[in-house]
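S.K.: Structure provided below as structure tokens; questions to follow.
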Amino acid sequence: MLIDGYENDPLVAAEELLALPGFWAAYLLWMCQTEENVWFGADEADTDTAYEALTDEERRPVFRIPFADNHSVVIVVRNFTDDLGTEYLVSHPEWDRHGYLATIDGHQAGPGLSWQELTHIAGTPDPEAPGIHAPHTRLLLLLPALGDRNLPTDAATLIGDALVQAGIDQDMAPVLADALLRDHPLWEPAEWALPSPSPLSGTQQHFPGILYCDETGSPRCGIRLAQGITREQSDRPARALGTWPTP
């Protein structure tokens, strides 16, 4: 597996890690501002085993989330000894470079997805491409990149349903969903909107159709989703992300 910028790293497809009993606790617990692993129905030993697999310094786990028109979100767990973090990237075979959505580490960058984009990507898997296709799994894997000030009233219900499908106890899921959505530990919720025809001073001219984030710490504030892509290449993710209707 090759990703631009990670050519010399031992990247490995990580879908098999999803089967570990403590995976969701290891992956999402930090967002809940609690150490109560019982919320995920995983004991401490299972959570530790999953965390060790996620952070193995000899490999860089990659979760592939293919969506419409050959686009993919690629989640890379960056296991450097002194620089542990997770990158949320978007890619397409015709692009020379990937686009950045968010970074989870000590120098975080985000948010990287609106609720509209999160749910659209989760619900539009490409069955012909390798990677993760179950909508509930895609939704939970992408959740750390979310930051949206205007969540719908049923957001917690959708996250709760996804948690139940992932094996979380039905009684625990609603409380856990609320905790996951309540306060992101790394950034504030953002406003998302289509860019205006005239960008603010110091920002890049946007191609139309892809949402703009107003949080200055986001890779999607004043910067195109991916650098070096053409207007036509930008129009395609505008449809793939659900911003524009598919013709």
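The values are calculated or read from the model by the stated rules, or taken from the named source; none is laboratory data. None of the values given here were measured: they were computed from a predicted structure. Every residue, glycine as well, gets a Cβ built from its backbone with ideal geometry; the counts of neighbours run over all protein chains shown. To get the accessible areas, we keep the full protein, side chains included, count just its heavy atoms, and leave off ligands, DNA and RNA. Shrake-Rupley method; radii C 1.70, N 1.55, O 1.52, S 1.80 Å.
S.K.: Suppose every Lys and Arg Cβ carries +1 and every Asp and Glu Cβ carries -1, with no other charges. What dipole size does the chain come out with about its Cα centre, to the nearest 20 debye?
M.R.: 1120 debye
S.K.: Tell me the angle of helix 173-182 to the major Cα principal axis of the chain, expressed in degrees between 0 and 90 and rounded to the nearest ten.
M.R.: 40 degrees
S.K.: For a test of the definition: using alpha carbon positions, the gyration tensor, and the 1.5 limit on a/c, classify segment 56-125 as rounded, prolate or oblate.
M.R.: prolate
S.K.: By how many degrees, between 0 and 90 and to the nearest 10, does the Cα long axis of helix 231-240 differ from the longest principal axis of the chain?
M.R.: So the helix axis and the longest Cα principal axis differ by about 40 degrees.
S.K.: Mind checking which of Thr49, Leu176, Leu211 is farthest towards the positive end of the chain's charge dipole, using Cβ charges of +1 (Lys, Arg) and -1 (Asp, Glu) about the Cα centre?
M.R.: Of the candidates, Leu211 comes out farthest on the positive side.
S.K.: Which ³J(HN,Hα) values, rounded to whole Hz and listed in residue order, are derived for segment 106-120 from phi using the Karplus coefficients 6.51, -1.76 and 1.60 in 6.51 cos²θ - 1.76 cosθ + 1.60 with θ = phi - 60°, glycine and proline given as x?
M.R.: So the Karplus estimates, Gly and Pro as x, are x, 10, 4, 9, x, x, x, 9, 7, 4, 4, 5, 4, 6, 5 Hz.
S.K.: How would segment 103-168 be classified by its alpha-carbon gyration tensor: rounded, prolate or oblate, with rounded meaning a/c under 1.5 and the a/b versus b/c comparison settling the rest?
M.R.: Oblate.
S.K.: Expressed as a rounded percentage, what relative contact order does the chain have, with Cα pairs under 8 Å and six or more residues apart?
M.R.: About 18 percent, as a whole number.
S.K.: Same structure again: Does anyone have the angle between helix 44-54 and the longest principal axis of the chain? Alpha-carbon axes, 0 to 90°, nearest 10?
M.R.: Long axis of 44-54 versus the principal axis of the chain: about 40 degrees.
S.K.: Under the Karplus relation 6.51 cos²θ - 1.76 cosθ + 1.60, θ = phi - 60°, what is the ordered set of whole-Hz ³J(HN,Hα) values for segment 82-94, x standing for Gly and Pro?
M.R.: 3J(HN,Hα) across segment 82-94, in whole Hz: 10, 8, 6, x, 10, 10, 10, 10, 10, 9, 8, x, 8.
S.K.: Out of residues 5 or more away from Arg60 or on other chains, whose amide H comes under 5 Å of its own, with H placed 1.01 Å from N in the peptide plane?
M.R.: Residues meeting the amide H criterion: Leu11, Val12.
S.K.: What percentage of the solvent-accessible surface of the chain, computed with a 1.4 Å probe over protein heavy atoms, is contributed by carbon and sulfur atoms?
M.R.: The computed percentage sits at 50.
S.K.: Classify the chain: rounded, prolate or oblate, from the alpha-carbon gyration tensor (a ≥ b ≥ c, eigenvalue square roots; a/c under 1.5 rounded; otherwise prolate if a/b is larger than b/c)?
M.R.: prolate
S.K.: Now, a different point. Go through segment 163-170 residue by residue and turn each phi into a ³J(HN,Hα) via Karplus (6.51, -1.76, 1.60, θ = phi - 60°); whole Hz please, and just put x for glycine and proline.
M.R.: 5, 4, 5, 7, x, 6, 4, 4
S.K.: Mind listing the long-range amide H neighbours of Arg78? Cut-off is under 5 Å, sequence gap 5 or more, other chains count too, H placed in the peptide plane at 1.01 Å from N.
M.R.: Sorted by chain and number, the residues that satisfy this are Gly85, Thr86, Glu87.
S.K.: Name the long-range amide H neighbours of Ala102: under 5 Å, sequence gap of 5 or more, or other chain; modelled H, no Pro or chain starts.
M.R.: Under 5 Å from the amide H of Ala102: Tyr88.
S.K.: Per residue, how many Å² of accessible area does the chain show with a 1.4 Å probe?
M.R.: Result: 48 Å² of accessible area for each residue.
S.K.: While we're looking at this one, here's another question. Once you've got the GNM for the chain with C-alpha springs shorter than 10 Å, pick whichever of Leu142, Leu11, Leu113 has the biggest mean-square fluctuation.
M.R.: The residue with the greatest mean-square fluctuation here is Leu11.
S.K.: Who wins for biggest fluctuation among Gln116, Gln108, Gln170 in a Gaussian network model of the chain, springs between alpha carbons below 10 Å?
M.R.: Gln170
S.K.: Can you give the charge dipole size of segment 31-108 about its Cα centre, rounded to the nearest 20 debye, using +1 on the beta carbon of Lys and Arg and -1 on the beta carbon of Asp and Glu?
M.R.: Computed about the Cα centre, the dipole is about 500 debye.
S.K.: Hey, if you put +1 on the Cβ of every Lys and Arg and -1 on every Asp and Glu Cβ in segment 1-97, which of Ala19, Met31, His71 ends up farthest toward the positive end of that dipole?
M.R.: So the residue we want is His71.
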